[in-house]
Amino acid sequence: MGNPINACPSTLSDLPFRTALRFWLKLGFISFGGPAGQIAMMHAELVERRRWISERRFLHALNYCMVLPGPEATQLAIYIGWLLHRVPGGIAAGVLFVLPSLLVLIALSWIYMAWGHLPAIAGIMDGIKPAVVAIVLAAAWRIGSRTLRNGLLIGVALAAFIAIDVLGVPFPLIVLGAAAVGLAGGRVWPALFDLGSGHAAAPDGTPHPPALIDDTTPTPAHARFSWRRLATIGAAGCAIGLAGWSALALVFGSDGELPRMGAFFGRMALMTFGGAYAVLPYVVQHAVEQYHWLDAGQMIDGLALGETTPGPLIMIVAFVGFVGGWSHALFGPGARFLAGAAAAAVVTFFTFLPSFVFILAGGPLVESTRGDVRLTAPLTAISAAVVGVIASLAVFFGAHVFIAHGAPRWDAIAIGAAAAVALLRYRTGTIKTILACALAGLLLSYWHG
């Protein structure tokens, strides 16, 4: 994937916008594995292979995205795109990261509603799910090996794992607790929260060359903080959201299903601390029980589709919108697909709009804190806690993928183990691993069938 390291641009101005566009579009089509897998994929490509951004600045951006509501992998793509090519770069990175997932989910939702489940598709999904577990484990290992530099940060990660997996502590409280540890520790032991240089060793042990956006690269003019820019972009984002909802209300009435979906998912987007799983109960409560856009069984099927398609996991809201539009026949019985596609697009727009506003408005403020360990220490501690949370996500997935009705699923365990070895030992690409596992699942479905 991409250019070899020694062919990367030497300065920021040498990176053509079209080159970045091709990368973000490609990433949108292959970004399997949920946020953990997507973050790991961006790290491998942008930090290790292409050297567009250094390790330290990548983690600084990631930590900021982790404390925001919304999909952190999408926000990280927007952040890096913005840092490389201003506001157009951020918008392009975010749109191209989400658009393939939206198109794929519309197509799969159409097949699901029109023809039901196909045995071949079920077999493919049974092969992909163990690969997803392996991808999440590999992400925890890769990010942890770079973030957990000392015993204190390892302890933060372990505490986060126990808190979320054993004690059931909500993710926002874990983030606040880690930030408190970093805030206090950064003043008492600042050296423990310094992640060091971005010139880490490459996988083969050779030193990395300087990155396009390196540790010492001056902050670009467009990334310098000003209150006027913050207010302008924030107001523009709010105006776009209000204009979009007003247009829907004008056409369909304020009580119509599309304006109702826009309002609900816009509110939901401001509550998605902790990722998709943290907000799913809220979605189920309203989408299933209050608005009746779909039933509980369809919601579970939508989650399975979301886990096995590229893009952020929160994109299952597009499935919710499609099924709601289709079931309610918003444009008449003869235009169910059009109604479903329109509802999926509306839901996606209102779900992701806040992410663009948060990054494009707040990015300069984050860049201004980059050199102060007292300010970055809370973000470093949060990054350590996230390693524990990612590990707990792997345990959660594994419990559902590798065990059925109290008995181990040896075929899934074998596929997952092979995928983990391929990713960690042989550093096989994510997309190759997923395709191989999908093929294995398909073959096993015919073997058992």
Point to revise | Descending semi-axes in Å of segment 377-447, equivalent ellipsoid built from Cα gyration tensor | key: 28, 18, 9
**Study point:** Descending Cα extents along the principal axes, the chain, whole Å
**Key:** 62, 55, 45
Study note, to complete from the structure: For A44, the net charge from surrounding residues (Cβ-Cβ under 11 Å; K, R +1; D, E -1) works out to +2
Practice item. Report in % the part of the accessible area of the chain that belongs to carbon and sulfur, leaving out ligands and nucleic acids; probe 1.4 Å. Key: 69 percent
Practice item. Would you be so kind as to identify all helices of the chain, as entire DSSP H runs, whose Cα atoms reach 30 Å or more along the helix's own axis and whose mean Kyte-Doolittle hydropathy is at least -1.0? Key: 72-115, 119-147, 227-252, 336-368, 373-401
Check your understanding: What length, rounded to one decimal in nm, is gained on full extension from M271 through to A122, with 0.36 nm per residue of separation minus their alpha-carbon distance?
Key -> 50.4 nm
**Study point:** Cα gyration tensor shape of segment 68-160, rounded if a/c is under 1.5, else prolate or oblate by comparing a/b with b/c
**Key:** oblate
Revision key, fill the gap. Averaged per residue, the 1.4 Å probe accessible area of the chain, protein heavy atoms only, in Å², is roughly 43 Å²
**Study point:** Local electrostatic count, S445, Cβ distance below 14 Å [Lys/Arg +1, Asp/Glu -1]
**Key:** 0
Review point. Measuring from label point to label point, each 7 Å out along Cα→Cβ, what is the A180 to L242 span in nm?
Key: 3.7 nm
**Study point:** Prolate/oblate/rounded label for segment 326-449 (Cα gyration tensor, a/c 1.5)
**Key:** oblate
**Study point:** Cα-projected label distance for S368 with A114, points at 7 Å along beta-carbon direction, nm
**Key:** 5.2 nm
Point to revise | Computed label-point distance, nm, for sites R18 and I431 using a 7 Å Cα→Cβ extension | key: 2.0 nm
**Study point:** Mean residue ellipticity (222 nm) of the chain, computed from DSSP H runs ≥ 4 via -39,500 (n - 2.57), nearest 500
**Key:** -23500 deg cm²/dmol
Review point. To the nearest 20 debye, what is the magnitude of the charge dipole of the chain about its Cα centre, counting +1 on the Cβ of each Lys and Arg and -1 on the Cβ of each Asp and Glu?
Key: 900 debye
Review point. Where is the GNM fluctuation largest for the chain (alpha-carbon springs, 10 angstrom cutoff): T433, T216, T348?
Key: T216
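The values are calculated or read from the model by the stated rules, or taken from the named source; none is laboratory data. On a predicted model such as this, the values are computed, not experimentally measured, just so you know. Here Cβ is always computed from backbone atoms with ideal geometry, including for glycine, and neighbour counts include all displayed protein chains. For accessibility, only protein heavy atoms count, side chains too; no ligands or nucleic acids. Shrake-Rupley method; radii C 1.70, N 1.55, O 1.52, S 1.80 Å.
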